[in-house]
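Encoded as structure tokens, the structure appears first; notes follow it.
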Amino acid sequence: MKVGVLGAGQLGRMLALAGYPLGMRFRFLDPASEAPASHLAEQVVGEYEDEAALDRFVEGLDVVTYEFENVPVETVRRLGSRGCSVYPPPEALEVAQDRLVEKRFLRELGIATPEFASISTYDELKAAVSRIGLPAVLKTGRMGYDGKGQRVLREPGDVTEAWESLGGRALILESFVSFERELSVLAVRGRGGESVCYPLVQNEHRTGILRRSVCPAPMVTPELQSEAEDLARRVLDRLGYVGVLAIELFEVEGKLLANEMAPRVHNSGHWTLEGAETSQFENHLRSVVGLPLGSTAPRGYSVMLNLIGKVPDSASVLAVPGAHLHLYGKAERPGRKLGHITLSADDPQMLPSRVALVEELL
Ligand code: AMP
């Protein structure tokens with residue numbers, strides 16, 4: 001089975017690592033040479049719109065998937081019209097690439113989201129601020145990730161400044177949610193329509209970037225878990241989805257509000273490599289090639305810490321009991337995700353001291 005992956009970043013690299021034991025082979029397409037997945041498999045270096053690069057990429061592939069949600073939808077459709085099976089479906093990309101389309105889609109499915117308004121002019125922004133109130137968050141509709149293209153508006157004076165820095169393109173204004181915590185649900189749907197969900201994960205972000213995930217999230221009632229699974233399944237079924245889907249959530253007074261979704265394996269699912277019966281990467285591959293899905297049951301308790309901008313000394317990390325180190329082969333640069341560490345234990349009481357030891361190294 002030869003799997004093509006659009007995007008050759010760390011997610012692609014971890015997909016390949018999960019696919020090799022199942023006898024799969026991989027080819028990647030990415031405009032950046034020396035991308036993290038290229039160290040493990042063939043990479044076609046080319047733009048996603050480049051016909052000649054796409055020709056070289058699809059030659060002999062059994063199935064195509066993607067690890068990057070800003071792959072042009074047109075590319076995925078074009079591959080599909082050549083008779084290539086591409087999963088997840090292009091509709092999932094279309095929804096996830098535009099925050100406004102995404103929020104409307106979630107609302108249509110009866111899934112709660114923060115209040116929002118579509119903004120294309122300064123007057124629309126002022127009107128939306130009076131309707132939604134402050135604080136609020138102004139975001140670019142497209143191409144935002146890791147908190148990029150966002151401004152928090154706290155007082156009326158922030159409105160003009162936010163417009164000056166982000167105006168001129170399609171924007172969305174959202175109410176600022178004073179959440180108790182951020183959670184995410186990862187769900188997988190197979191080619192036959194069957195689906196499984198991982199336990200809710202608790203996430204901590206700093207400057208818009210995920211720093212830490214605790215898995216399973218503490219103090220999750222069965223009702224909250226089933227609320228998350230139910231909303232994820234509504235999205236999966238509506239899209240006829242195949243693969244792993246992540247939905248980022250805010251918990252407010254015991255209820256969930258959906259922030260955004262990612263039609264791919266997700267950073268908040270990295271703990272599943274050691275912490276679940278079947279990792280998100282293996283389950284994504286199982287679903288796109290049509291194999292039975294694996295159990296999502298957790299193995300003990302895990303904390304995942306992202307390595308941002310700088311890589312600590314490997315020997316010191318690995319001296320911490322229960323520590324697993326994953327490096328993506330990327331050069332150090334401020335704000336860049338270079339790797340992650342998963343700390344696992346059978347007893348959750350063991351984790352805080354291990355986390356403290358690793359945090360000293362970061
Ligand atoms: P996003 O790119 O939408 O995932 O936003 C990055 C991070 O910014 C989120 O994980 C939250 O921590 C924060 N954030 C985004 N939208 C809101 C909101 N409407 N209210 C409060 N915090 C938000």
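See the values below:
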| item | result |
| --- | --- |
| The stretch 166-202: number of residues that are of a type in the set (Ser, Thr, Tyr) and within 16 Å of the ligand (Cβ to nearest atom) | 3 |
| Index of the failed condition, Asp98 passing every other in (1) within 12 Å of the ligand (Cβ to nearest atom); (2) open to solvent by less than 60 Å² (accessible area, probe 1.4 Å) | (1) |
| Test: residue in the stretch 229-241 that is buried (at least 18 other Cβ atoms within 10 Å of the Cβ), in the same structural domain as Tyr198 (by TED's automatic domain parsing) and not in a helix (DSSP H, G or I) | yes |
| All helices (runs of 4 or more DSSP H) inside the stretch 1-87 with 1 or more residues being touching a Cys at 6+ places or on another chain (Cβ under 7 Å) and either open to solvent by 30 Å² or more (accessible area, probe 1.4 Å) or among the hydrophobic types (A, V, I, L, M, F, W, C) (or both) | 51-58 |
| Conditions (1) out of contact with any Cys (no Cβ under 7 Å at 6 or more places or on another chain); (2) at pLDDT 95 or above; (3) under 29 Å from Lys148 (Cα atoms); number of the one not met by Ser302 | (1) |
| Strands (runs of 3 or more DSSP E) (entirely within the stretch 254-362) containing at least 2 residues that are in contact with a helix residue (DSSP H, G or I) (Cβ under 6 Å, 6 or more places away or on another chain) and touching a residue at least 40 places away in the same chain (Cβ under 8 Å) | 255-262, 301-308, 337-345 |
| Filtered residue count, the stretch 255-274, keeping only those that are surrounded by fewer than 24 Cβ atoms within 10 Å (Cβ to Cβ) and more than 14 Å from the ligand (Cβ to nearest atom) | 3 |
| Every pair of residues 6+ apart whose Cβ atoms lie under 7 Å, when the first sits in the stretch 176-188 and is within 13 Å of Thr113 (Cα to Cα) and of a type in the set (A, V, I, L, M, F, W, C) while the second is more than 9 Å from the ligand (Cβ to nearest atom) and open to solvent by less than 80 Å² (accessible area, probe 1.4 Å) | Val177/Val252; Phe179/Glu251; Phe179/Val252 |
| The stretch 202-222: number of residues that are outside any loop (DSSP other than H, G, I, E, B) and within 17 Å of the chain's Cα centre (by Cα) | 12 |
| Candidates Tyr66, Tyr122, filtered to the one that is under 18 Å from the mean Cα position of the chain (by Cα), away from the ligand (no atom under 13 Å from the Cβ) and farther than 28 Å from Glu227 by Cβ | Tyr66 |
| Residue satisfying all of: in the stretch 125-139; of a type in the set (A, V, I, L, M, F, W, C) and in contact with a Leu (Cβ under 8 Å, 6 or more places away or on another chain); farthest from the ligand (Cβ to nearest atom) among these | Leu125 |
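The values are calculated or read from the model by the stated rules, or taken from the named source; none is laboratory data. What you see is a predicted model, and the numbers here were worked out from it, not measured in a lab. Neighbour counts are summed over all protein chains in view; Cβ atoms, including those assigned to glycine, are modelled from backbone coordinates with ideal geometry. To get the accessible areas, we keep the full protein, side chains included, count just its heavy atoms, and leave off ligands, DNA and RNA. Shrake-Rupley method; radii C 1.70, N 1.55, O 1.52, S 1.80 Å.
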